[in-house]
Amino acid sequence: MEVNDVKGRKSGWIIGIDISIGVLAAAALLYVFFINTDNTLKMYTSLVCAIVLSVIGFIYYRIPVDQPEREAIAKLILLNEDGESIKEWYIQGETSLLIGKSSGQGEVDIDLTDAEYASLINREHAVLNRNETGWFIEDIDSGSGVGIQKSGRGPRGRQEVEEPHRLDIGDIVYIANTRLLVK
């Protein structure tokens, strides 16, 4: 269940629930202050409203806590079976890069034509995209898939087709069985 999008905005159904709660609260306040004649109920309702509005204000408008800035991803490194660097691509300053194999039909930005498992790699296998929050990789409906092993975590997971996944420094991207280290 996705509550927020990539930019941290609320999804439509969460906004709908917020509006529904607001309408119900407004109806209850109209009853208490304009139809009801009990002053004690009005006093306690005012106190509860002040507390609830304070909590809502804190949740929605709190001052952001300084978070350490993530290091910027600068390059991808093609690794051999022993984990040694074979080739590097500097990606800092780029916004979108196509990963695959260059051919007479077109060139790609990250060319894996010479990789050990090149036969398993599609001409247009995956795409890297950068936005203001970082780099994301997306499988372009390849036959052998894209996997990510997050830095310091267990085995890799195969990614859903056309579903962007965030990359961080130290992650290993698997294009078929070819490993790319994110640095």
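The values are calculated or read from the model by the stated rules, or taken from the named source; none is laboratory data. Bear in mind that the values here come from a model prediction, so they are computed numbers and not experimental data. Don't worry about glycine lacking a Cβ; one is built from the backbone with ideal geometry, like all the others, and counts go over all protein chains shown. In case anyone asks, the SASA skips ligands and DNA or RNA and just uses the protein heavy atoms, side chains included. Shrake-Rupley method; radii C 1.70, N 1.55, O 1.52, S 1.80 Å.
The chymotrypsin sites (Phe, Trp or Tyr not before Pro) of region 87-183 that DSSP puts in a loop, and whose beta carbon has at most 15 other beta carbons within 10 Å, are TYR117.
Rounded to the nearest whole Å², what accessible area per residue is found for the chain with the 1.4 Å probe?
On the way: 12350 Å² over 183 residues.
Here the per-residue accessible area is 67 Å².
Estimated from the Cβ-Cβ distance and a Förster radius of 45 angstrom, the FRET efficiency linking PHE58 and ASN177 is about 0.35. In degrees, nearest 10, range 0 to 90: what is the angle between the Cα axis of helix 12-30 and the longest Cα principal axis of the chain? Roughly 10 degrees, rounded to the nearest 10.
Taking amide H positions as modeled 1.01 Å from N, with prolines and chain starts lacking one, the residues under 5 Å from ILE148 and 5 or more places away or on another chain are GLY157, GLN159, TYR174. Accessible surface ranking for HIS165, HIS125, 1.4 angstrom probe, highest first: HIS165, HIS125.
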